[in-house]
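The values are calculated or read from the model by the stated rules, or taken from the named source; none is laboratory data. Just so we're clear, the structure is a prediction, and the values are computed from it rather than from any experiment. Here the Cβ is made from the backbone with ideal geometry for all residues, glycine too, and neighbour counts use every protein chain on show. Calculation scope for accessible area: heavy atoms of the full protein, side chains included, ligands and nucleic acids excluded. Shrake-Rupley method; radii C 1.70, N 1.55, O 1.52, S 1.80 Å.
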Amino acid sequence: MNNKSSYKYLLSDLTSLKGVGIKTRNLLRKKKINNIFDLLWKLPKSYTDRSISTKVKDLKIGENQTVTVVPQKYLFPRVRNLPNRVICSDETGNLDCVFFNSYEGYVKKILPLGKEITVSGKINHFRNKYQLTNPKYISEDSSLIKQVHNKYSLTEGISEKIYNKIINQIIKKLPLLEEWHSKNILNKFGNISWNKSIEELHKSKNIGKYKDNFYQRLAFDEIFSTFLVNSEIRKKIKKIKKKNKNINLKLQDSIINKLDFLLTNDQAVSLREINKDLSSSTKMFRLLQGDVGSGKTIVSLLAAYNTISSGFQVAVMAPTEILARQHFNLAKKIFPINIKIELISGKSDYKNKKEILNKLKNNEIDIIFGTHAIFQKKVFFNKLGLIIIDEQHKFGVNQRKKLSDKGGRDCDVLLMTATPIPRTLTMTIYGDMDVSFIKEKPKSRKIIKTYSKLESKIDDVINFIRKEIKYGNQIFWVCPLIEESKKIDHSSAVKKFEFLKKLFPEQVCLLHGKIEIEEKEQILNNFLTNKFKILVSTTIIEVGIDFPNANVIIIENANKFGLSQLHQLRGRVGRGNKDSTCILMFKSNLSDNAKKRINILKKSNDGFFISEEDMKIRGFGDILGFKQSGIKNFKLADPIHNSDLFLLAEKEMRRIENSNEGIGKFKPLIKLYDRADIINDIA
Ligand code: ADP
Ligand code: MG
C-alpha cells in the first residue's frame, strides 16, 4: 500500500480493522471517532510495562509483574462462591492463579497443565502464598504478554486490550505517505516523516514529550492544513470578479469633516484598505478587528457611504435590535438627507415591513439596518453592493462562506468584531478573510479604573454612585442572568431595579430581554438623553451599544463572566472623555485564581492582551464561545504553547501563495486533516 492515494486507507471505516465489529464501531462513533485516522489521536495516558519477566521467588507483592510458569494442579471447589484455583510454579516456587466467577472449562483452556504459560498482573499474598487474582494477561505466547501495555482513557464498553490491539494494528499498517513538506520545513523538525512521527506519538515512553520533533511536526501539520484550506478559500473568493465601486473621496471627506473628532491613524488606514477592496474588481471579504470603543462603526459607515455614492445598496446587520437601531440613528445623523435609510425590525408591523421589502426590491432604499432578519429568504435587493456585519465573532467559517455567497457577485462583505484575539488565533479562525486592525483607541480616552468589591460592601458602592450622579454622570448596573439557559431569568435585574429605585427615586430605569422592543428603545432613549441616571440591565448591553455619557459600570456577580466578556462589558464606559470606573462585585472572597484573573483586568485595558491572558487560563476553545462556532479543535496544536508553529505555518503558507508550486502535493494532508469538502477541486 504505498501508492500515492494510500492515505485513503486512513479514512476507511473502523470495521475494516480486525477486532472492530459494528458494536465497537458504534461505541467509538459516539466519541466522534469515525474512521481510522480519528483513532490516531487516541493517545495513551499512561502505561504498564509488562516486558520484563521475573522468577516466582523474586515476585514483588502489590506490583504488576510478568512471570512464566507451568500449571501443576487444578483446585475446583464444590462449594459455590469459592474461587477456582490453579497451582502453578517455576523452578523457584509456586504461584496460584485464582478465578472468581469462572467456568472450569475456561480455566482449563487458558491454563493447561504441564505447559509453559506467561501470566502478568498485580501479585498479592494470601495465606503465605503468592497469588494472582483473575489474571487478564495470560498466554502461551510470551511475546504477546511481554510488551508495554498502554492505558487509554476508556470509552464505555471498549477495554484497554482492545484499544491496544486496534491501535497497534493501525500503526503497523500505516500507509507510506509521500512527504508533503518542503525540505526547509522538514529540516526544522529533524527531518522526521509523518509515519515515524505517528509511531513515536503512540510510544508510551513519549507521553508528554511536546517539544520533541515528532510532536512538533504533527502539531505543525494540523495548523498548516488549516491555513492552507483558509488560503484556498481566500483565493477562491479573490477570483470572483465584480463590478468595482468608484470611490469619491471628496464626498467621503465631506462627511469626515462634519464629525466632531478626527479619525485615528488606524481608522484611516483601515478605511483606506476597505476602499481599495471596494474599488477593486474582485470581491472583498474582510474582517475589521478592533478593541471595544476603537471606533469601528464610523469606519464601516464611511465605507457604506462610499458604496452608496457609487450607486449600490448596503445592508448592515447587527446582533441585537438595539445595536441596529443605534447604527441606524448614527447614519441618519451623518449621511446627507438624499440618502434613503431604513430600519427593519422584528417588531415592525406587517404593512410597514412589506413596504420596506418592496422599496428594497425597487432600489428605493440605499441602506438598510437590521438583525439577521435582513437576510431572510423573502428579502430581495435590487443592487446590493456591500454587506456589513457587526459583532459577529461567533460566525463559523461555513456561515461566513454562505454570507459571502449571498448578495451575489457584486456584493462585498465586511465583518466587524470587537473581540480582539491573539494573532495565532486570527489566522486560524479568520484565515479565509483579509483582516484590518484598529489597535489604537481615540486619544481623548481616559483609562477606566477597575475595582473589585464584595457584595456585602454595597453601601460603599451606593455612596460612590451618589457622588457620580451629583457630578452629572450616568451609571450602568449589570446583573447576570440567573439561568444561562434558554429560559432567561431576569429576576436579579428586576430585584436590583426595585432596590435602587427606593434609593434613587425617579432616576433608575430597567432593561432586559423580555421588554418589548418599542419600550426598550424608549428606555434607551431616555437614558441617552439623561432622563435617568442609572440603567439596570442584564447583559443585553454587552455588545456594541454606545453611551458616551455613562462612565460608571457596576457588574454584579462578576465571577459569572469570563475575562473577555468582562472587558466587553467594561467597554460600555470610557467612551467619552471623562474618567471612568468599573466596579466588579463578588458574592464571596475570591480564590487565588480568580484574583489573578481580576488583576489582569485591573492592570490592562488592552483587549488583545486580555484575550491572550484569558486564553492562557481557560484554553482557546473557551474564550468567547468559539467552541460553539464549530471552529476547528486542534488535536495536538495549541495556540498558546505553539505560537512559533503558527507563525512558521503562516510564513510557509505565504511562500506557497507567492510561488507557483500549487498545493497538489498537500492533498493527503488536507484530505486527512481538514474540511476538505470546502475545496473539492484541488489538483
Ligand atoms: P466599537 O469599535 O466598539 O464599535 P464605536 O464605533 O461604537 O466603537 O465607537 C465608540 C465611540 O467612539 C463612539 O461614541 C464614537 O463616536 C467615538 N469615536 C469613534 N472614533 C473616534 C475618534 N477617532 N475620536 C474620538 N471618538 C471616536
Ligand atoms: Mg461596535
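Among the residues of the range 504-515, is any open to solvent by less than 60 Å² (accessible area, probe 1.4 Å) and either within 16 Å of ligand 1 (Cβ to nearest atom) or assigned to a helix (DSSP H, G or I) (or both)?
no
Looking at the range 563-593, which of the residues that are hydrophobic (A, V, I, L, M, F, W, C) and within 14 Å of residue 478 (Cβ to Cβ) is surrounded by the fewest Cβ atoms within 10 Å (Cβ to Cβ)?
Across the range 563-593, the extreme among qualifying residues is 586.
Which of the residues that make up the range 121-139 are open to solvent by 50 Å² or more (accessible area, probe 1.4 Å), within 15 Å of residue 67 (Cβ to Cβ) and among the aromatic types (Phe, Trp, Tyr)?
Matches in the range 121-139: 130 only.
Residue by residue through the range 145-167, note down the ones that are of a type outside the set (D, E, K, R), open to solvent by 50 Å² or more (accessible area, probe 1.4 Å) and in contact (Cβ under 8 Å) with a residue 24 or more places away in the chain.
If the condition is that a residue be of a type outside the set (D, E, K, R), open to solvent by 50 Å² or more (accessible area, probe 1.4 Å) and in contact (Cβ under 8 Å) with a residue 24 or more places away in the chain, then 147, 148, 153, 157, 162 are the ones that fit.
State whether the residues of the range 246-256 include one that is closer than 30 Å to residue 427 by Cβ, open to solvent by 20 Å² or more (accessible area, probe 1.4 Å), within 16 Å of ligand 2 (Cβ to nearest atom) and outside any helix (DSSP H, G or I).
no
A quick yes/no check of all residues on (1) over 22 Å from the mean Cα position of the chain (by Cα); (2) in a loop (DSSP other than H, G, I, E, B):
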position: 547; (1), (2): yes, yes
position: 552; (1), (2): yes, no
position: 559; (1), (2): no, no
position: 564; (1), (2): no, no
position: 569; (1), (2): no, no
position: 581; (1), (2): yes, no
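How many residues, within the range 253-297, are of a type outside the set (Asp, Glu) and closer than 20 Å to residue 413 by Cβ?
23
Please indicate, with yes or no, whether at least one residue in the range 91-108 is among the hydrophobic types (A, V, I, L, M, F, W, C), farther than 30 Å from residue 13 by Cα, in a helix (DSSP H, G or I) and not assigned by TED's automatic domain parsing to the domain that holds residue 204.
Yes, the range 91-108 contains a residue that is among the hydrophobic types (A, V, I, L, M, F, W, C), farther than 30 Å from residue 13 by Cα, in a helix (DSSP H, G or I) and not assigned by TED's automatic domain parsing to the domain that holds residue 204.
Does the range 312-340 hold any residues that are closer than 19 Å to residue 271 by Cα and open to solvent by 20 Å² or more (accessible area, probe 1.4 Å), and which are they?
Matches in the range 312-340: 330 only.
Here's the yes/no breakdown for (1) open to solvent by 50 Å² or more (accessible area, probe 1.4 Å); (2) closer than 27 Å to residue 140 by Cβ; (3) basic (Lys, Arg); (4) in contact (Cβ under 8 Å) with a residue 40 or more places away in the chain:
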residue: 16; (1), (2), (3), (4): yes, no, no, no
residue: 23; (1), (2), (3), (4): yes, no, yes, yes
residue: 38; (1), (2), (3), (4): no, no, no, no
residue: 41; (1), (2), (3), (4): no, no, no, yes
residue: 56; (1), (2), (3), (4): no, yes, no, yes
residue: 64; (1), (2), (3), (4): yes, yes, no, yes
residue: 90; (1), (2), (3), (4): no, yes, no, no
residue: 93; (1), (2), (3), (4): no, yes, no, no
residue: 109; (1), (2), (3), (4): yes, yes, yes, no
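Working only within the range 516-553, note down all residues that are open to solvent by less than 50 Å² (accessible area, probe 1.4 Å) and at pLDDT below 80.
517, 521, 539, 540, 541, 542, 543, 544, 545
Every residue, every condition in (1) touching a Lys or Arg at 6+ places or on another chain (Cβ under 9 Å); (2) closer than 28 Å to residue 459 by Cβ; (3) within 16 Å of ligand 2 (Cβ to nearest atom), yes or no:
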| site | (1), (2), (3) |
| --- | --- |
| 522 | no, no, no |
| 537 | no, yes, no |
| 556 | yes, yes, no |
| 572 | no, yes, yes |
| 595 | no, yes, no |
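Of all residues in the range 507-551, which are without any contact (Cβ under 8 Å) to a residue 12 or more places away in the chain and acidic (Asp, Glu)?
Correct list: 519 only.
Looking at 368, 374, 356, which one is within 19 Å of residue 331 (Cβ to Cβ), surrounded by 16 or more Cβ atoms within 10 Å (Cβ to Cβ) and either among the polar types (S, T, N, Q) or more than 37 Å from the chain's Cα centre (by Cα) (or both)?
One residue alone meets the criteria, 356.
Condition first: free of Cβ contacts under 8 Å to residues at least 24 places away in the same chain, open to solvent by 70 Å² or more (accessible area, probe 1.4 Å) and within 14 Å of ligand 1 (Cβ to nearest atom). Can you find one or more residues in the range 273-290 that meet it?
no
Could you list all residues from the range 311-353 that are at pLDDT below 90 and more than 15 Å from ligand 2 (Cβ to nearest atom)?
344, 345, 346, 347, 348, 349, 350, 351, 352, 353 - these are the residues of the range 311-353 that are at pLDDT below 90 and more than 15 Å from ligand 2 (Cβ to nearest atom).
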